[in-house]
Every structure is written in structure tokens, then in C-alpha cells.
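A short worksheet on the structure shown next.
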Amino acid sequence: MSDNRKLTVEPPSYLREHLPSPVQLKECLTNEPFAVGGEAQLYRAAYLPESVLPKSVARAYRFGPPPELFSGGNEMPFWWLYAAHVAETAIWEAQFCKNDVTRPGTFYMDPFAVQHGIIAELRFPRPLRFWNLNGSVASRLGIYDNLSSPDYDWCQWFGYHMDVAMQSVDGAIRPDGFVYPSRRHRGHTAVAISSRVLPGLRDGVARSETPFAKHPDFERLLDDRLRVAPPAADASAG
């Protein structure tokens, strides 16, 4: 059993040369100021209320962990809760709004999100400590393009390296997650909070939820001249 449960700790060879090591990440990011605001307030877009602050997730999403770490029936060792500093970034990151490649210069709203989606405002019980993957840091690490890539393989192994680096930091100054440039809402930041810190935070989180269809950003996006109807496949799924 122990052999079957042993985690894969090395990324595939085709990714290895493109990933900074956990040691490099720790060395770089512990010398940067934490990305901490005056209030521990974040926004999260979710398709279901139970997905706002889940105790577990079925899918690893962008920053993983990679499936190699929990294959064969192993439990997912960690995961990330995705949020943003502004509601519109959360809307785009969660793909409540999408682009249709067959109709450039336009966007549409996901019908299921319009019917069921919620925008949650979360106020955490303490200021959160985030490693800051801003443009300067990402450039020095040589990962700016990778962070904005749709390639989940690289991102999920990067997320694993971030987790290893974070866990090697003393608990008193260990980051709760990291801030990174939003791929879908350029010029804005998104946040990945480690599942490892959520048990100690969840009960103290003050949350308010607004249906996406009643949120002020929805009204503004609904009236946008670039908005088009969903493609037939998405419309029927909604």
C-alpha cells in the first residue's frame, strides 16, 4: 500500500526545465513584501452556494495539484480556493462571461451562471498573507507567459511547487496563498488561497451573496454593446 500511495514529486521531463523549483520560489518570494490589503475582503464567483467555501473539491482546476499526486484513489493533498480583489475579475475568472472564438470582438454570458451563479463577498477574520506574483516577480522568475497560458499541465505543477515552497516557511510567516495576474481579466489580480489554511479561517468568514443576475456588474455587462447571445451549444445547456 505504501508504494501505491507514494506521491509523484517530480514533474514530467518536458515541463521540468520550464518550472522554477520550490527553493527558487521561496528564495524569490520571501524577499518580496506580502500582498496584504487593509481589509481581508475578497470576491468569489460560484455556480452553487456550497461552492463558495467548500471543504473539498472534486476538480483541481488551474493550479492543481496535478493528477499524478492523487491518482489511484489517493486523496487530493491540497487545492486552491480562487478569488479576486474585485467582483468583475471573479466573474471573468469563473467564466460567467466568456468569449466565442468564432465571433471575435464580442463576449457572452454563460446561461447557467445567469440562472444560478452567485457573487460572494468574503471578509476573512484576519488579514491574509499572500506571496505576490506581480509582473516584476513573474518576469524575474521567467514565468509571466506561463502564468497566462491555458496549459494546465504547467500551471498545476507550478501550483505544486508553490505549495511545497510555502510549507517550507515557518508557520508564523507562512503565506496563506498567492496573488497572480488574472489571465481572463488583464490588468487585474486574482488570488489562490491554500486549502491548508481554510479550516482555521472558515468559521470566522463573514459572507454575503448576491445572485449574479442581480449584481451591479451584471447590469453593466448586460447593457454592453459587445455582448452577444450565447452559442447554440451553451444556450441549450443553460
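Below is a table of values for the structure above.
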quantity: Qualifying residue in region 81-102 (condition: exposed (fewer than 13 other Cβ atoms within 10 Å of the Cβ) and either farther than 21 Å from L128 by Cβ or modelled with pLDDT of 95 or more (or both)); calculated: yes
quantity: Selected residue (criterion: farthest from H116 (Cα to Cα)) from residues of region 204-219 that are part of a strand (DSSP E or B) and not β-branched (V, I, T); calculated: A206
quantity: Residue count, region 115-160 (criterion: out of contact with any Pro (no Cβ under 9 Å at 6 or more places or on another chain), among the aliphatic types (A, V, I, L, M) and under 23 Å from A46 (Cβ atoms)); calculated: 1
quantity: Of the criteria (1) outside any loop (DSSP other than H, G, I, E, B); (2) under 19 Å from H116 (Cβ atoms), which one P230 fails; calculated: (1)
quantity: Lone unmet requirement of (1) part of a strand (DSSP E or B); (2) under 14 Å from the mean Cα position of the chain (by Cα) for E121; calculated: (2)
quantity: Selection status of L42, of a type outside the set (S, T, N, Q), under 21 Å from A165 (Cβ atoms), within 13 Å of the chain's Cα centre (by Cα) and not in a helix (DSSP H, G or I); calculated: no
quantity: Residues (part of a loop (DSSP other than H, G, I, E, B) and either within 9 Å of G64 (Cβ to Cβ) or small (G, A, S) (or both)) located in region 149-172; calculated: S149, S168
quantity: Number of the condition not met by A165 [criteria: (1) closer than 21 Å to F96 by Cα; (2) of a type in the set (G, A, S); (3) surrounded by 18 or more Cβ atoms within 10 Å (Cβ to Cβ)]; calculated: (1)
quantity: Counted residues, region 139-148 - those being over 30 Å from R126 (Cβ atoms) and assigned to a helix (DSSP H, G or I); calculated: 4
quantity: Flag for E27 being over 30 Å from P230 (Cα atoms), surrounded by 13 or more Cβ atoms within 10 Å (Cβ to Cβ) and out of contact with any His (no Cβ under 8 Å at 6 or more places or on another chain); calculated: no
quantity: Evaluation of R126 against (1) under 19 Å from T89 (Cα atoms); (2) exposed (fewer than 12 other Cβ atoms within 10 Å of the Cβ); (3) touching a residue at least 60 places away in the same chain (Cβ under 8 Å); (4) not polar (S, T, N, Q) (one fails), failing number; calculated: (1)
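Here's the yes/no breakdown for (1) loosely packed, with under 13 Cβ neighbours inside 10 Å; (2) without any contact (Cβ under 8 Å) to a residue 60 or more places away in the chain; (3) more than 19 Å from S56 (Cβ to Cβ):
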| site | (1), (2), (3) |
| --- | --- |
| S182 | no, no, yes |
| H185 | no, no, yes |
| S195 | no, no, no |
| L198 | no, no, no |
| V205 | no, no, no |
| T210 | no, no, yes |
| K214 | yes, yes, yes |
| L226 | yes, no, yes |
| A233 | yes, yes, yes |
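The values are calculated or read from the model by the stated rules, or taken from the named source; none is laboratory data. Remember, predicted model here, so these are calculated numbers, not experimental data. We place every Cβ from the backbone using ideal geometry, glycine too, and count neighbours over all the protein chains shown.
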